[in-house]
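Quick notes on the structure that follows.
The values are calculated or read from the model by the stated rules, or taken from the named source; none is laboratory data. Because the structure is predicted, anything quoted here is derived from the model rather than measured. Cβ atoms come from the backbone with ideal geometry, glycine included; neighbour counts cover every protein chain shown.
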Amino acid sequence: MLTIDHVTKTFFPGTVNERVALNDVSLHLDEGDFVTVIGSNGAGKSTLLNIIAGKIAVDSGDLLIDERSVKRMKDYQRAAYIGRVFQDPMAGTAPDLTIEQNLALALRRGQRRGFRLGVTRARRERFQQELVALELGLEQRLKARVGLLSGGQRQALSLLMASFTQPRILLLDEHTAALDPQRADLVTRLTKSVVERDKLTTLMVTHNMEQALRVGNRLIMMHEGRIILDLPEAEKQKMTVAGLLAEFAKIKGAALDDRAMLG
Amino acid sequence: MNAALELGLLYGIMALGVYLTFRVLNFPDLTVDGSFTTGAAVAASLIVQGVPAPVATLAGAASGAVAGIVTGVLYTKGRIDGLLAGILTMIALWSINLRIMGKSNLPLLREDTVMTPLRDNGLLGGPWSILIFAIFALVLKFAIDWFLSTDLGLSIQATGNNEQMIRSFGVNTHFTTILTLAISNALVALCGALVAQYQGFADVSMGIGLILVGLASVIIGQAIIAGRSVWVATFAVLVGAIIYRLVIFFALAAGLNPNDMKLISAVLVVAALLLPRWGFLKRVPSFRQLNRRAVRA
C-alpha cells in the first residue's frame, strides 16, 4: 500500500541551523491500516506527512504507493492518491466559495477539470447525502460561504472533502489540535466513522496520546527523526497513556545516556 | 455623456479582465498597462495591412493572452514576485508595441474597422451603439460567469482563495494561474483593440496608468454593489467602469484638464478603498443596505 523506504530529510544542510528531521525512516502501511503517530515537537511527524504528500522532497530513500514510486511526483499529482486534512481549520477549504462549490472541487480529486458545471443537480444531491453524515445541519446550507462556518464545522467539512472520494491514503495532520475539546471530540468521532466506513488507509499525526490510543489499529512514536516505537493492534489495545509516557521516558533517557557517554 | 457611457462599456471589458486577476486570482497584475496597448497595436497594424477588422481584433486579444502567459510563467516557474513579473512584462511590451506599430502612433481614420458600420450609420454616440456595446459587454460578462462556475473555473477561484487547499485536491496551480492571466490579458487586449478602433488610432502610450482605471472600476463597482457571488461581482465591475467614465466626464466638464485624469484616477481608487473602511458609504443608502434589508425580510 504505502511504503516509506529508508527516507532521510535534513533541513538547512551545511549551516548552523542544520536539523535532521527524518533519519533513515522506514514504514509500511497495509491496505486499511489506521496508524496514529505521536511524538514531541520536532520529532519529524509533520515532516513525515509533508514528505508523503509531496510538499517536501526527500534527500534519500524512496516512497511507494501501491508498489509505484511517487518520489518524483509533484504534490498536486500525488493528490490523486492522497487526501489530506491540515491542522489549521482554515487550510482545507476555500472560504469565499460555498459549501457545495468546495465539495465540487473535492469531488474532482485527481481528475481532469473541464468545462462541465461544477455544481449540478445530481452532484448537489450527493453532497447533501454526504453532509447529512456530519450531523451538523450543513446539508441545509449548501449555498453558504465556507468562511461563515465555525472552525469545527470547517474542519468536519475538510475531513469530508478529503475522504469522500476515497483516496488511497488519508493524511491527518493534528487535525483536531486547533479545536476546543468538544469540537475536537466531534471531529475525532467523525474521523473514526469515515475511516471505518470506507476502510481508508490512514496516517494520523496527533499531540493527544489519549486520542492516539482511542482510534486506529496501530501506533507509532517518533523522536528526533526516528520511529522509536511501533505498536501493533494487540499491544496498542493494552497500552495506556501512562504506559506511553513511561515508554517515551525510557527511550528518551536511553538516547540521552548514549549521548552523555559519547560526550 | 453618451460617449462616456460607450467608453465605460468598452473599458468594462478591460475591467472584467482586471477583476479576474485582482479579485478572483488575488494577483495584482500590472501587465495590463502593456497588453492593452499590445492589443491595440496588433489590431491596428493588421487592419492597416488590410486584414479584416474582426480578425485583427481577435488577433489583438490573442496577443494579450501571450503577454499574460509570459507574466504567468515568470511568476510561477521563475518564482518572481507577482508585481515585479507584471512590471517586467509591461516594460518589455513597450518596446514590442513600438516594433509592432513601427511608430508611436498609428492612425486608423480611413480604414475599415469594427466601428465603421456604427460610424457610417451615425450610430456612434447614440442609444443604439450604447445598446450594442452593452450587449457585447454583457455577453462577455455571462461567459465569464459561466466559465467560473465550471470545474475548471472553480479550481481557478480556489487557486486565488486557498492555493494550498486546491493543490491538495490535485490542481496544478501554476497552470490555473497562467491560464487566468492569459484570459485576463486577452480581455484587456481585446478592449485595447476595440478602443483603438473606436478612437481611430493606436498610440504607444494609450495603456499608461490603465491598471488604475481597471482597479477603480472593480473597487468602485464592488463598493456600491455588494455581494460576493461571481455574477453580482462581474455586474458590479461593469457598473464601476461606467461610473468611472462618468466621473471623468464630469471632471472634464467641470473644467479639469485631461492631463489631470491620472491624478483623479488615483484619488478615486484611494477614496473607493478608504471610504467604506471609514463607514462613509455605509451611511449612504445603497444597494448594500437594500441587500441587507432583503435578507432580513
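Applying a threshold of 9 Å to beta carbon distances and a minimum spacing of six or more residues, or different chains, the list of pairs starting in region B:226-238 at a residue that is modelled with pLDDT under 90 and ending at one that is of a type in the set (A, V, I, L, M) and in a helix (DSSP H, G or I) reads B:A226/B:V232; B:A226/B:A236; B:G227/B:A233; B:G227/B:A236.
Within the set A:L170, A:L148, A:L159, A:L200, the sole residue that is of a type in the set (A, V, I, L, M), under 23 Å from B:Q157 (Cα atoms) and under 17 Å from the mean Cα position of the chain (by Cα) turns out to be A:L159.
Of the helices (runs of 4 or more DSSP H) entirely within region A:51-169, those holding at least 2 residues that are touching a residue at least 24 places away in the same chain (Cβ under 8 Å) occupy A:99-107, A:121-132, A:151-163. Applying the condition of being β-branched (V, I, T) and touching a residue at least 40 places away in the same chain (Cβ under 8 Å) to region B:120-151 and asking which residue is farthest from A:D96 (Cα to Cα) yields B:I130.
Among what's in region A:56-83 and is surrounded by fewer than 19 Cβ atoms within 10 Å (Cβ to Cβ) and of a type in the set (S, T, Y), pick the residue that is nearest to the other protein chains (Cβ to nearest Cβ). Ranking the qualifying residues of region A:56-83, first place goes to A:S69. In the set (1) free of Cβ contacts under 8 Å to residues at least 60 places away in the same chain; (2) surrounded by fewer than 20 Cβ atoms within 10 Å (Cβ to Cβ), B:L154 fails one condition alone, (2).
Does region B:258-277 contain at least one residue that is among the polar types (S, T, N, Q) and either modelled with pLDDT of 95 or more or not in a helix (DSSP H, G or I) (or both)?
First pass over region B:258-277, keeping only residues among the polar types (S, T, N, Q): B:259, B:265.
Adding the requirement that they be either modelled with pLDDT of 95 or more or not in a helix (DSSP H, G or I) (or both) leaves none.
Checked region B:258-277: no residue is among the polar types (S, T, N, Q) and either modelled with pLDDT of 95 or more or not in a helix (DSSP H, G or I) (or both).
Considering A:T176, A:T188, A:T165, the condition of being facing chain B (nearest Cβ under 10 Å) and hydroxyl-bearing (S, T, Y) is satisfied by A:T165 alone. Against the criterion of being within 23 Å of B:A158 (Cβ to Cβ) and of a type in the set (A, V, I, L, M, F, W, C), A:L229 does not qualify. Only one of the listed residues (A:L131, A:L103) is under 20 Å from the mean Cα position of the chain (by Cα), surrounded by 20 or more Cβ atoms within 10 Å (Cβ to Cβ) and not polar (S, T, N, Q). That residue is A:L103. When the residues of region B:137-151 are filtered to those that are surrounded by 17 or more Cβ atoms within 10 Å (Cβ to Cβ) and part of a helix (DSSP H, G or I), the one that is nearest to the other protein chains (Cβ to nearest Cβ) is B:D151. Of all residues in region B:210-235, those that are surrounded by fewer than 20 Cβ atoms within 10 Å (Cβ to Cβ) and polar (S, T, N, Q) total 1. The set of residues from region B:120-136 being part of a helix (DSSP H, G or I) and among the hydrophobic types (A, V, I, L, M, F, W, C) comprises B:W128, B:I130, B:L131, B:I132, B:F133, B:A134, B:I135, B:F136. Go through the residues of region B:173-185 one by one and say whether even a single one is surrounded by 24 or more Cβ atoms within 10 Å (Cβ to Cβ), modelled with pLDDT of 95 or more, more than 14 Å from chain A (Cβ to nearest Cβ) and in contact with a strand residue (DSSP E or B) (Cβ under 7 Å, 6 or more places away or on another chain). No: zero hits. For B:V204, the test of being of a type outside the set (G, A, S) and within 12 Å of the chain's Cα centre (by Cα) is failed. Scanning region B:156-172 for residues that are facing chain A (nearest Cβ under 7 Å) and assigned to a helix (DSSP H, G or I) yields B:Q157, B:A158, B:N161, B:Q164, B:M165, B:I166, B:R167. Number of residues in region A:84-123 that are farther than 15 Å from B:L154 by Cα and more than 7 Å from every other protein chain (Cβ to nearest Cβ): the value is 8.
When A:N23 is tested against (1) in a strand (DSSP E or B); (2) at pLDDT below 95; (3) touching a Leu at 6+ places or on another chain (Cβ under 9 Å), exactly one condition is not met: (3). Remark: pairs (first residue in region A:203-230, on the phi > 0 side of the Ramachandran plot; second residue β-branched (V, I, T) and in a helix (DSSP H, G or I); Cβ separation under 9 Å; 6+ apart in sequence or on different chains) = A:G216/A:V195; A:G225/A:T47.
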